[in-house]
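Some notes on the structure that comes next.
The values are calculated or read from the model by the stated rules, or taken from the named source; none is laboratory data. This is a predicted model, so every value here is computed, not measured. Cβ: placed from backbone, ideal geometry, glycine included. Neighbour counts: every protein chain shown.
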Ligand code: 3BY
Ligand code: FES
Ligand code: FE
């Protein structure tokens, strides 16, 4: 209750078009509320089907206090479980990824099958009902190669998003791709600062020399207003859709996700602008100049799908002023490193960009931690996407707290 009051009081000072009050970026109680009302309530992107191609392949992910394991079962289905043993609670799988016939707890060797059923527990005496001690399931869905989990007891609807996302992504065959490289960086900043930074390119020209070689600074590309009125964007959508690639902007009515395809100043995020990978990501999309298929889905995913590879970003909060950002580079499963691509060429632009963004977010956090900070106004020309994120956030927490989303004055 105290935390809710703190949040509501802070939000009374929030004005649309302005950055949030300081508490929302620094306060540990408000951070807990963010976890409860957003990260523990919404669908979260966690990884890709192609990371766990074989039966028994798994990856783990930590969402706030919840360790989760995502595993492919004997039947080929992908499931998620709470990664906490039903004996004394130990975490079961501790590596980031692996492959197992059974999920075996390292503490006393209780063993679970890939469907989460407890199959072995030594010397537990009687009565002992193993049938009731399976791993607790976490809601899990996969769409077009992207795996999602939801920690809520009653997850919100997923079908509408699935129906929207699938046609844009299916041509690109992400489910059949291969993870070529992954990087996780810890940014010393609140998760909302990470998102705010992502949702604009006002900072791109002064900070991202490598990215700016190919990524247009045009606000319509990063923002949410689309660009139907801009000839180069409208023309791109028309050409792409004629080629069978859905591209027009769709922003969900609740503001949680946006899909669109935007033109780039080249074919790929490389220093030359040429493809980094010789084999196209999908055999069915071989055209040049397709630009980037952009999806953001708050609070965990933004991504770029290009003709030759895809880069996906996952945002997971660690603490009030600490956030993990995991980047994955996906290529055609048959692309061979050193033959079809060089890892350096594939990754150098985004590794540099991520490091620049980390620094930006950390400086932003240090400045916001100052008691002298007061909310500043966003550029209406360049930062419309940030305003959209902030308003989505405010509406989502207020809805969760049962407040009507009338703007507090
Ligand atoms: O990764 C992105 O899509 C965002 C958009 C603008 C800044 N950043 C490059
Ligand atoms: Fe897992 Fe004991 S805590 S077997
Ligand atoms: Fe950036």
Regarding residue 201, is this residue in contact with a helix residue (DSSP H, G or I) (Cβ under 6 Å, 6 or more places away or on another chain) and either free of Cβ contacts under 8 Å to residues at least 60 places away in the same chain or more than 16 Å from ligand 1 (Cβ to nearest atom) (or both)?
-> no
Right, residue 87: within 15 Å of ligand 2 (Cβ to nearest atom), at pLDDT 95 or above, within 30 Å of residue 295 (Cα to Cα) and more than 18 Å from the chain's Cα centre (by Cα) or not?
-> no
Hey, residue 298 more than 16 Å from the chain's Cα centre (by Cα) and crowded, with 20+ Cβ neighbours inside 10 Å or not = no
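Residues are listed down the side, and each one gets a yes or a no for (1) over 19 Å from the mean Cα position of the chain (by Cα); (2) under 24 Å from residue 73 (Cβ atoms):
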| position | (1), (2) |
| --- | --- |
| 130 | yes, yes |
| 137 | yes, yes |
| 140 | no, yes |
| 144 | no, yes |
| 157 | no, no |
| 175 | no, yes |
| 186 | no, no |
| 195 | no, no |
| 202 | yes, no |
Determine if segment 137-146 includes at least one residue that is within 22 Å of residue 292 (Cβ to Cβ), surrounded by 15 or more Cβ atoms within 10 Å (Cβ to Cβ) and within 16 Å of ligand 3 (Cβ to nearest atom).
-> no
Quick one: which strands (runs of 3 or more DSSP E) sit completely within segment 90-206 and have at least 3 residues that are within 25 Å of residue 37 (Cα to Cα)?
-> 137-143, 146-150, 177-187
Among the residues of segment 178-187, write down those that are buried (at least 17 other Cβ atoms within 10 Å of the Cβ) and either more than 16 Å from residue 311 (Cβ to Cβ) or within 16 Å of ligand 2 (Cβ to nearest atom) (or both).
-> 187
